[in-house]
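Note sheet for the following structure.
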Amino acid sequence: MAYAADGGTVLIEYGWAGVVYNRDTPLSEGTAAAAVRATVNNDDFTYSVGGRLVTTFGLYSYRFREGSGPDLLQADLRALGMNLDDECPEFPDDPVSSALALAERATGVHLSRAHYAAPALIGPTDHLYPSW
């Protein structure tokens, strides 16, 4: 589902496929995208610009981050109280909410309750995943 939001568009994918999450390559040059995945099998954050991975990490394992600029969002992570390099012995209270706030900070796209309550654009994503 695609929702109009302040500063851009928010895509929400329900289910296990990860089609939207795994497809940052079609982004236009200069376009920023942040993705948060939270399932029983995976919990991670990815930030890409122009189809190139800037940083990705697990919500409980920031130490194992990757990308061309893995520390780019570190100040925002610290401000949001996320666990950097396992400096806190306990897990963060609400890592998904913190990751969504990080996505907003990184992209400048804000999905308000009013936007989320509005009708969404819904359609197939098969064309984004050519191996299907």
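Give a residue-ordered list of calculated ³J(HN,Hα) values for the stretch 59-64 (Karplus: 6.51 cos²θ - 1.76 cosθ + 1.60, θ = phi - 60°; whole Hz; x for Gly, Pro).
3J(HN,Hα) across the stretch 59-64, in whole Hz: 5, 10, 8, 4, 4, 9.
Quick check: residue separation of Ala114 and Asn41 times 0.36 nm, minus the Cα distance between them. What number comes out in nm? Don't jump to the answer; show the numbers that get you there.
Details: separation 73, 0.36 × 73 = 26.28 nm, distance 3.07 nm.
So the extension gain works out to 23.2 nm.
For a protection proxy built on the mean count of beta-carbon atoms within 10 angstrom, sort 109-121, 49-61 highest first, please. List each step's numbers first, then the result.
Values: 109-121: 12.3, 49-61: 17.3.
The packing order, highest mean first, is 49-61, 109-121.
Taken together, the values in this text are just the output of simple stated rules run on the coordinates, not laboratory data. Predicted, not measured: the structure shown is a model, and the values here were computed from it. Backbone-built Cβ (ideal geometry, glycine too); neighbour counts: all protein chains shown.
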